[in-house]
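As structure tokens, the structure follows; a few thoughts come after it.
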Amino acid sequence: MYEPEWKRPTSKAEALAVLGEIGEDAVVVAGGTDIAPLISKRRIRPRVLIDLGRIDDLRFLSVGPASRGGSAKIGALVTHGALARDRDVSEVAHVLAAACRTVGAPQVRARGTIGGNVANASPAADGAVALVALGASVVVESDGDERREIPLPEFFLGPGQTVLRPDELVTGITFAGPSSAARSAYRKAGQRNALAIAIVSVAVVHEPEAGTVRIALGSVAPTPVRATEAEGLFESGWRNASGRAELLRAVALAAAGAASPIDDIRASAWYRTVLVEVLTKRALEEVCFQSENT
Ligand SMILES: Cc1cc2nc3c(=O)[nH]c(=O)nc-3n(C[C@H](O)[C@H](O)[C@H](O)COP(=O)(O)OP(=O)(O)OC[C@H]3O[C@@H](n4cnc5c(N)ncnc54)[C@H](O)[C@@H]3O)c2cc1C
């Protein structure tokens, strides 16, 4: 019978020391919502499991006021439920709260953490897609005070793969924060409204004063991706106030060009590409026309 050895550190420092000592033979468990099914289906059999559940110093959540740039520091163990409920997150980084609200069901949101969402490296990870649009970095630490801040697009290597070393822990997420004038939106299409992994997701953060937009796409490439050509097109046309509806259509079409989806059991590549265009256009309309009216 499979009986892993459990380690239950009670502080970040202790967790880093245990991880540094055991390295590749250990797997970290945060909320367990991704890893527990893998273990029960016998897809992985780690010798040691490191349960992070007792580490309170990885549950910090600090989001500055939007009027001062709203910089954010989010501990790895903060759950989707906590992010979805937090007023400062909703105000400063609406897209993140909105994305977390779409994760699974209340039970999954109560256990699943943002650190686990990012470390699991699914191209469909809702929190990760929103964080890419926010220009966030992952904070990674190892024993001996080594600390790296890695921009999310550089953190992901492919489905389930990251640049994280076996002795490293994701300890938090940080981003500079949009301005108080910024508007953001999250759109997700799944096979049903709840408990659905995204067929396509789109996160948009618009800065009306700077005339910029960041567009991140989920479930259409091996990792969450930025639609940078579409962002450039937006920036070059935004100052022309008379042609904005047409501009948004063209930007949405360009965003579809950034997708390289595959056919799978949830949707065909063709359908996913169409969805990127439709959802991007809706998200852009929401943030652009909302900002013009406020
Ligand atoms: C029924 C169901 C529905 C779901 N629906 C959604 C959904 O709609 N959208 C979505 O995005 N996800 C969904 N998920 C997936 C999952 O809930 C999320 O990805 C969640 O955020 C994972 O976090 P966790 O704390 O449970 O991670 P865990 O399962 O504990 O860990 C996941 C992986 O990350 C590693 N890890 C965790 N924390 C750290 C850390 N701090 N440092 C280094 N490595 C770490 C683990 O070793 C493991 O490899 C669903 C899962 C279930 C079971």
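What do you get for Rg/Rh over the chain if you use C-alpha atoms and the Kirkwood form of Rh?
0.99
Rounding to the nearest 10 and keeping the result within 0 to 90°, find how far the Cα-based axis of helix 12-22 lies from the longest principal axis of the chain.
With rounding to tens, the tilt is 70 degrees.
Lysine pairs in the chain with Cα distance under 30 Å, only those 8 or more apart or on different chains: how many are there?
7
Taking Cα pairs under 8 Å and at least six residues apart, what relative contact order does the chain come out at, in percent?
Relative contact order for the chain comes out at 16 percent.
I'd like the orientation of helix 228-237 relative to the chain: the angle between its Cα long axis and the longest Cα principal axis, in ° from 0 to 90, rounded to 10.
On a 0 to 90 degree scale, this one is about 30.
So, in nm, how far is label Val274 from label Arg42 when the simple model puts each one 7 Å beyond its Cα toward the Cβ?
4.2
Once the Cα atoms of helix 244-257 and of the chain are each reduced to a long axis, what angle between those two axes, in degrees from 0 to 90 to the nearest 10, is obtained?
40
For region 199-205, just list the computed ³J(HN,Hα) in residue order, Karplus coefficients 6.51, -1.76 and 1.60, θ = phi - 60°, integers in Hz, with x standing in for Gly and Pro.
For region 199-205, the Karplus curve yields 7, 8, 9, 9, 10, 10, 10 Hz.
Could you compute how fast region 58-175 diffuses translationally, taking Rh as the Kirkwood radius over C-alpha pairs and applying Stokes-Einstein at 4 °C with viscosity 1.567 mPa s? Give it in µm² per second.
The diffusion coefficient I find is 92 µm²/s.
Give me the extension gain from Phe60 to Ile150: residue separation times 0.36 nm, minus the current Cα-Cα distance, reported in nm with one decimal.
Fully extending the segment from Phe60 to Ile150 adds 30.5 nm.
Using θ = phi - 60° and the Karplus form 6.51 cos²θ - 1.76 cosθ + 1.60, what ³J(HN,Hα) does each residue of region 72-83 get, whole Hz, x for Gly and Pro?
For region 72-83, the Karplus-derived couplings read 10, 10, 10, x, 4, 8, 5, 8, 4, x, 5, 5 Hz, x marking Gly and Pro.
What ³J(HN,Hα) values, in whole Hz, does the Karplus curve 6.51 cos²θ - 1.76 cosθ + 1.60 give for region 135-141 when θ = phi - 60°, with x put for Gly and Pro?
Ordered by residue, 3J(HN,Hα) equals x, 7, 10, 9, 9, 10, 10 Hz.
Considering only DSSP beta bridges with both partners in the chain, what is the antiparallel share in %, to the nearest 5?
In the chain, approximately 85 percent of DSSP beta bridges are antiparallel ones.
Report the extension gain between Thr228 and Asn240 in nm, rounded to one decimal, defined as 0.36 nm multiplied by the number of residues separating them, less their alpha carbon distance.
2.3 nm
Beta carbons within 10 angstrom, averaged per residue: use that to sort the peptides 112-125, 25-38, 152-165, highest first.
In decreasing order of mean packing, 112-125, 25-38, 152-165 become 112-125, 25-38, 152-165.
Name the residues of region 200-243 whose amide N is less than 12 Å from a point 7 angstrom out from the Cα of Ile262 along the C-beta direction?
220-223
Sorted from largest to smallest, which semi-axis lengths in Å does the alpha carbon gyration tensor of region 11-103 give for its equivalent ellipsoid, taking the root of 5 times each eigenvalue?
31, 17, 9
Throughout, read-outs are computed from the coordinates displayed, never taken from laboratory work. Every value quoted in this text rests on a predicted model; they were computed, and no experiment measured them. Here Cβ is always computed from backbone atoms with ideal geometry, including for glycine, and neighbour counts include all displayed protein chains.
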